[in-house]
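Remarks on the structure that follows.
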Amino acid sequence: MLRAIAMAVACVLASSAAADETRGHLLIIGGGHQPAGMMERFITLAGGTNNARIVVLPMASEDAVGTGAETVSEFKALGVARVESVVLTRAEALNPESAARLTGATGIFFTGGDQSRLAAVLVNSPIQQALKTRYTQGAVIGGTSAGAAIMSEVMITGEELRNDDKANAFRAIQQNNIETIAGLGFVTNAIIDQHFLQRKRYNRLFSVVLEHPNLFGIGIDESTAILIHPDQTFEVLGESAVLLVDARSTTNIRTDQKGHFSVAETKVHLLLEGDRFDLTKGRCIPKP
């Protein structure tokens, strides 16, 4: 009898642990042109053109309705049979009944625009929880540009706090300058930056990483993506590169009177298509 009870408890615990394991993927695109193969990979992970049910969330765009319709057309041109755009206001996102619009979604895609606009609608809402549930249960979550930045828990907004010269932005690696707010939190161990090499965003990524040295900084260039697998390894897809900053072993982080950083022992990885990285172990994965 006791053995049967113990086995039953073990089964319940195993079932609970399995339920907590994330089975989904993240396709995080740095913006710009999206190579067809990249989006085809997203569709395949969502179940294929005939079985996928893809929901587009375009609220980062100033023209959310138009951007959503355009993105739906792009997915349909790639053969997806079931795809729709869902445009939500903050009030709608806070309504628990709205979460039903994500039921059965196997792929969810965030368009570009302004990540702060998207965060204002979704963060700390039932929709955010529904998104995480879909991801945990196996859906692929994708996003480009602003839709990439929103993926991380600590999110770069694109605004500076100490430099008012918009014509000469991000000119220093400086403390308390790069504004961050809460993102959707699919990525909890890294900060995502986008359009990275094209827009020379090294200073802002280094600045925010040195304020959060326990987190990786991942700068993804245009027409390039990282595909994060459920085991927390990722591979690079696309035409350019990904720069990864690892400050976890950094020593002697200090600033001068103007807040400029000085550090030692910081690692930087520059990754191209086909390169892989293990976010759990913090190291590149050798090619076979």
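The table below gives the values:
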item	result
Residue that is surrounded by the fewest Cβ atoms within 10 Å (Cβ to Cβ), among those in the range 104-157 that are among the aliphatic types (A, V, I, L, M) and in a strand (DSSP E or B)	154
Counted residues, the range 186-197 - those being surrounded by fewer than 20 Cβ atoms within 10 Å (Cβ to Cβ) and either at pLDDT below 95 or hydrophobic (A, V, I, L, M, F, W, C) (or both)	1
Residues located in the range 100-113, provided they are within 20 Å of the chain's Cα centre (by Cα) and either β-branched (Val, Ile, Thr) or at pLDDT below 95 (or both)	106, 108, 111
Near pairs, Cβ below 8 angstrom, 6+ apart or cross-chain, from the range 272-288 (modelled with pLDDT under 95) to any residue that is assigned to a loop (DSSP other than H, G, I, E, B)	287/274; 287/275
The range 117-142 residues that are touching a residue at least 12 places away in the same chain (Cβ under 8 Å), paired with ones that are crowded, with 21+ Cβ neighbours inside 10 Å and among the basic types (Lys, Arg) (beta carbon under 8 Å, 6 or more apart)	141/134
Residue within the range 202-215 that is touching an Asp or Glu at 6+ places or on another chain (Cβ under 6 Å) and either in a loop (DSSP other than H, G, I, E, B) or small (Gly, Ala, Ser) (or both) present	no
Subset of the range 238-261 (residues that are farther than 29 Å from residue 177 by Cα and buried (at least 20 other Cβ atoms within 10 Å of the Cβ))	238
The range 152-179 residues that are closer than 13 Å to residue 201 by Cα, paired with ones that are outside any strand (DSSP E or B) and hydrophobic (A, V, I, L, M, F, W, C) (beta carbon under 7 Å, 6 or more apart)	156/149; 156/208; 160/169; 160/170; 173/206; 178/208
Test: residue 171 is in a loop (DSSP other than H, G, I, E, B) and surrounded by fewer than 15 Cβ atoms within 10 Å (Cβ to Cβ)	yes
Residue in the range 210-231 that is over 16 Å from residue 148 (Cα atoms), surrounded by 21 or more Cβ atoms within 10 Å (Cβ to Cβ) and more than 15 Å from the chain's Cα centre (by Cα) present	yes
Residues being out of contact with any Leu (no Cβ under 7 Å at 6 or more places or on another chain) and in a loop (DSSP other than H, G, I, E, B) - total across the range 174-192	4
Checklist (1) over 20 Å from residue 186 (Cβ atoms); (2) under 21 Å from the mean Cα position of the chain (by Cα); (3) assigned to a loop (DSSP other than H, G, I, E, B) applied to residue 68, failing item	(3)
Verdict on residue 259 being touching a strand residue (DSSP E or B) at 6+ places or on another chain (Cβ under 6 Å) and either under 26 Å from residue 144 (Cα atoms) or among the aliphatic types (A, V, I, L, M) (or both)	no
Of all residues making up the range 34-57, the number that are within 30 Å of residue 217 (Cβ to Cβ) and either modelled with pLDDT of 95 or more or part of a helix (DSSP H, G or I) (or both)	15
Positions within the range 234-261 being of a type outside the set (D, E, K, R), outside any strand (DSSP E or B) and in contact (Cβ under 8 Å) with a residue 60 or more places away in the chain, in sequence order	240, 259
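The values are calculated or read from the model by the stated rules, or taken from the named source; none is laboratory data. Model, not experiment: these values are computed from the prediction. Here Cβ is always computed from backbone atoms with ideal geometry, including for glycine, and neighbour counts include all displayed protein chains.
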